[in-house]
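The values are calculated or read from the model by the stated rules, or taken from the named source; none is laboratory data. Values in this document were obtained by computation on a predicted structure and should not be read as measured data. Using ideal geometry, Cβ is built from the backbone for each residue, glycine included, and neighbour counts are taken over all protein chains shown. Heads up: the accessible areas ignore ligands, DNA and RNA and are worked out on the full protein's heavy atoms, side chains in. Shrake-Rupley method; radii C 1.70, N 1.55, O 1.52, S 1.80 Å.
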Amino acid sequence: MKIDRLKITNYRNLGNVEIVPNPGLNIIFGPNGSGKTNFCEAIHYVSTGDNIKGSRQSELINWDSDYALVRMGLISDDEVVVYLKEGKGKEVKINSKSGKQSEVKSLVPTHTFVPEDLYISKGPPRRRRSLLNRHLSQLNEDYGHLLSDYNAELKKKNTLLKQDEINEDFLEVLSERLIELGAQITVERINYLGELNQCLPDIYGQFVRTEQELNLSYPDDGLINCSKKEIVEMLSDKLERNRAKELNRETSVVGPHRDKFEFLLDGKNLRTFGSQGELRTAVIATYLAYLELYEEKFNELPILVLDDILSELDRSRGEAFLENLPEEPQVFMTTATRSPSFRKLSGEFTVLKIEKGRLEKQ
Ligand SMILES: Nc1ncnc2c1ncn2[C@@H]1O[C@H](COP(=O)(O)OP(=O)(O)OP(=O)(O)O)[C@@H](O)[C@H]1O
Ligand SMILES: [Mg+2]
């Protein structure tokens, strides 16, 4: 799907934006604080119902107004309108009729990259776990359900472990259920990493022109070739060994919620020795690899909303990114610097300048 008309009124600092976007690449450039993230958020918000900055709904309305409106015309001739009124709920309209957020999500799917995503390769393992969960849930709806079932059971077990008197039978039931669901999650993760690592080294190589091989690695390599039955056994053994620890710490310490994924460059952990640029390039290469797998599976790509994805990449890596962007989907990409590489871009693209919430074509 592509957007062919976009009107944003009073959404955050975007007072009155009206554009006819390029069906391919749209580059929005402007200084800090001009409204680039707000612009990305407006598109993301219409599509998903979530906002990027985690604000309350009322905070999305411009401070000097009591309503906000985003109107999106699509190449399919459908029209989506999202209307926010101070003190009232959100109204969603599809072709002038009241619509559901889930309907909009399937009509205008988007995939958004926020600057915080660039930190995924660094810091705690939870970031890389959540990246994998996000990718897998988008590629496979069943994985999303599996994950929420697992998390619901995990919550029950953690509550139980905190009680003074623990019902051992109930603990056993919950642990078994977690092992079963956990093994299914592990199998899905192993399969996905296998596919991802098929294309990741090549994509990374296009950025860095290196022989070094990038991989996203599962913590326990012994798991890679295991069947689900073997994983169930491994998790059971591990739980047995950690039973006292769980009771002592009053929390579950065994299972895929503790998986630690790391980026390895020629087998070395990038988190501990990689430069800022290398760490970010690894994330971007992973993102492109994910898009490749997504396209393979669904034969199309969602609209890509890329907020400040080029920040802190040097010129040649920025260019490599632009060269490697998939051609088919519509892309909205913001940047605070007008990179000289725009001139070298092949194919059609539109540059829009944003200043103080006003957007104009260059
Ligand atoms: N509800 C609102 N009404 C009016 N202005 C708002 C509202 N919410 C946020 N803003 C303002 O919008 C401005 C632009 O924010 P935005 O995050 O889009 O900037 P940006 O162009 O992405 O900047 P950077 O390059 O630093 O990331 C901010 O200065 C912020 O104060
Ligand atoms: Mg921003």
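Out of the residues in the range 19-48 that are more than 26 Å from SER106 (Cβ to Cβ) and assigned to a strand (DSSP E or B), which is nearest to ligand 1 (Cβ to nearest atom)?
PHE29
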Some residue of the range 56-73 being assigned to a strand (DSSP E or B), within 23 Å of the chain's Cα centre (by Cα) and either on the phi > 0 side of the Ramachandran plot or hydrophobic (A, V, I, L, M, F, W, C) (or both): yes
Looking only at the range 27-62, how many residues end up being within 16 Å of ligand 2 (Cβ to nearest atom) and buried (at least 17 other Cβ atoms within 10 Å of the Cβ)? 19
Could you check, for the range 332-342, whether at least one of its residues is of a type in the set (S, T, N, Q), in contact (Cβ under 8 Å) with a residue 24 or more places away in the chain, within 16 Å of ligand 1 (Cβ to nearest atom) and surrounded by 19 or more Cβ atoms within 10 Å (Cβ to Cβ)? yes
Among the numbered criteria (1) within 25 Å of VAL108 (Cα to Cα); (2) away from ligand 2 (no atom under 16 Å from the Cβ); (3) crowded, with 19+ Cβ neighbours inside 10 Å; (4) of a type outside the set (Phe, Trp, Tyr), which one does GLU319 miss? (1)
Which one of the conditions (1) under 22 Å from the mean Cα position of the chain (by Cα); (2) away from ligand 2 (no atom under 16 Å from the Cβ) does SER311 fail to meet, given that it meets all the rest? (2)
Kindly check whether there is at least one residue in the range 44-58 that is closer than 18 Å to ILE303 by Cα, assigned by TED's automatic domain parsing to the domain that holds THR9 and among the aliphatic types (A, V, I, L, M). yes
Mind checking which pairs have a first residue in the range 300-328 that is among the polar types (S, T, N, Q) and a second that is open to solvent by 30 Å² or more (accessible area, probe 1.4 Å), Cβ under 6 Å, 6 or more apart or different chains? ASN324/GLN206
Tell me, please, whether a residue that is open to solvent by less than 50 Å² (accessible area, probe 1.4 Å), touching a residue at least 12 places away in the same chain (Cβ under 8 Å), polar (S, T, N, Q) and touching a Pro at 6+ places or on another chain (Cβ under 9 Å) can be found in the range 222-244. no
Residue under question is ILE179, and the condition is that it be surrounded by 14 or more Cβ atoms within 10 Å (Cβ to Cβ), in contact (Cβ under 8 Å) with a residue 24 or more places away in the chain and of a type in the set (A, V, I, L, M, F, W, C); does it hold? yes
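Could you tell me which of the residues ASN51, ASN62, ASN10 is modelled with pLDDT under 95 and either in contact with a helix residue (DSSP H, G or I) (Cβ under 9 Å, 6 or more places away or on another chain) or within 16 Å of ligand 1 (Cβ to nearest atom) (or both)? I'd like the intermediate steps shown before the answer.
Values: ASN62 fails: modelled with pLDDT under 95; ASN10 fails: modelled with pLDDT under 95.
After ruling out the rest, the residue left standing is ASN51.
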So, of the residues in the range 245-271 that are under 14 Å from LEU216 (Cα atoms) and either aromatic (Phe, Trp, Tyr) or in a helix (DSSP H, G or I) (or both), which turns out to be most open to solvent (accessible area, probe 1.4 Å)? ARG271
